[in-house]
Each structure stands twice: as C-alpha cells, then as structure tokens.
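Written out below as structure tokens is the structure these notes cover.
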Amino acid sequence: MRISEMNWMMVEEQLKRDDRCVVPLGSTEQHAYLSLSVDSILAERLAGEAGDSLGLPVFPVLAYGITPYFRAYPGTVSLRVQTYMSILRDVLDSIAACGFKRILIVNGHGGNTPGQGLVAEWMADNAGVRVKWHNWWNAPKVWAQIQSIDPNASHASWMENFPWTRLTKVKMPAEQKPMSDVDLIKQLDPPALRKYLGDGNWGGLYQRSDEEMMKIWRVAVEETCDLLNTGWRD
C-alpha cells in the first residue's frame, strides 16, 4: 500500500482502521559495482513488501542521507547532519499531523543513524506518537542469517548484491577482496578514502548466489513485519 498509489481520501479512510505506517530512509552513494541507490532501493522495497503484507501505508523513500566520507566518488550526494535532522523532523511532524501514531522507520544506510537521537527527542516532544528505528541490515535475525552464510560481509560487498541492486551488463569481480581497516577508514578524508578503498567495496566477495540472498531477504521481511505487529508501547 504505497502512498504514491493513494489519494488523501484513501489515507483518511485508512487512518480510521489503523494508525501504523512505514517510512523508508536511504542514501545516494557509491556501492562499488552496484547501483548508487542501493540503500534507497533496499529500504523502499523492504518497507513496501512488509507494508503490503499487512495492508499498511508506505511513504516514499528519503533517497538522500549523511555520507560525507564518499564525496570523492562521483554520483554520491551527502546532506549535512543539521540538514538531515531538519528534514527528518519535518517528515515526522507532517506524518503525525495526518494522524499516524505508530511509525516504523526502515533505515537502509548506516550514516543515517544519528537520526535515532532525533527520533528519541522528537517522541519526547510528541506524546502519544511512537516511532521505531529499524536498521534492517544489522537487525538481529538478518545479521545472524548473513553471518551464517559468510562473515566476510561489508559495504558494497555480496551482502548488498541483490537482483534489484545490480546493474545490467556490469560484471562483478570473482575474487574476494581483503577486508578493510574500519578504524583507519574513519580517519580518512574523502580523497584519501577513495585512494584506500579503490572500487568502494570494504571487503569480501562481490556476489553470492541468489538463493542465499533470498534467504536473507525473507528473514528481513519477516523481521520487519514482526516490528510492525508487536512491541508498540501503550
């Protein structure tokens, strides 16, 4: 049930039945040989599949996030932290004003996690509205499934290589890239980071079988649905 496929009257009728909705967050940043929109594609698709299965409205993905470290890679777009917080606050204000009282944020980009602090602050100022922040890729069940397949999983590696994040006619390297030094990565400016990472994969294989990827995806949908169905505080 996508907001883009509804009009305001349909939303008003939906709110008479249920006050839950889903908001996906993504980014536009380098993902080696994969789409620059990996985080947005995955967050929006996951939110959509979970929302559809439960008959809940899903808002369009916020496709820009906080990713200053990748600015040396063409195509990457980064918002300032202050800008991102302001946008997220305005989005939540608007959704709550519509009448939604239970909001699940499906976040697809690690750089956006400062928004969790904003969400806690926002809820303190908006009594009666509950918001959950769901970093879907490292949620307990999904991460356990990833680790059971291959513990060498990282940014732009196989763990983000789904059929819908690949680019046609782009061939993936067959070798396994050595894992990068995460502590070093955090200290590098954008040009130095690009020089260190090269193609942008942080380490691991570039692709695994679709069968393995779909195991992860099914767990992700199930875990997201569970969050929508349970655990809302009174």
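What follows is calculated from the coordinates using simple rules that are stated; it is not laboratory data. Bear in mind the structure is a predicted one, so any value in this text is a computation, not a measurement. Glycine also receives a Cβ, built like all others from the backbone with ideal geometry; neighbour counts cover every protein chain displayed.
Observations, loosely collected:
- Helix-only mean residue ellipticity at 222 nm for the chain, each DSSP H run of n ≥ 4 adding -39500 (n - 2.57), per residue, nearest 500: -13000 deg cm²/dmol
- In summary, the lysines within cross-link reach of Lys132, defined as a Cα separation below 29 angstrom excluding same-chain residues under 8 places away, comprise Lys16, Lys101, Lys141, Lys186, Lys215.
- When the chain is described by a simple charge dipole with +1 on each Lys and Arg Cβ and -1 on each Asp and Glu Cβ, the residue from Gln14, Ala139, Pro74 located farthest towards its positive end is Pro74.
- Ascending count of other beta-carbon atoms within 10 Å, so fewest first, for Asp19, Asp226, Asp90: Asp90, Asp226, Asp19
- Distance between the C-alpha centres of region 27-80 and region 96-125: 16 Å, rounded to the whole angstrom.
- Among Ser53, Ser27, Ser35: highest mean-square fluctuation, GNM of the chain, C-alpha pairs under 10 Å: Ser53
- DSSP bridge orientation in the chain - percent antiparallel, rounded to nearest 5: 15
- Dipole orientation for region 104-234: of the candidates Met123, Thr165, Asn229, Thr165 has the Cα lying most toward the positive pole (charges on Cβ; Lys, Arg +1; Asp, Glu -1).
- Gly65 long-range amide H proximity, modeled H, under 5 Å: Thr28, Leu79
- Cβ crowding within 10 Å, taken as a proxy for footprinting-reagent exposure, orders Val77, Val38, Val61, Val22 from fewest neighbours to most as Val77, Val61, Val38, Val22.
- Estimated FRET transfer efficiency when R0 is 35 angstrom, pair Leu15-Glu121 (beta carbons, to 0.05): 0.90
- On Cα atoms only, tilt of 115-125 relative to the major axis of the chain in degrees: 20
- The chain: most fluctuating residue of Ile87, Ile216, Ile105 per GNM, C-alpha cutoff 10 Å: Ile87
- The chain: most fluctuating residue of Leu188, Leu79, Leu36 per GNM, C-alpha cutoff 10 Å: Leu188
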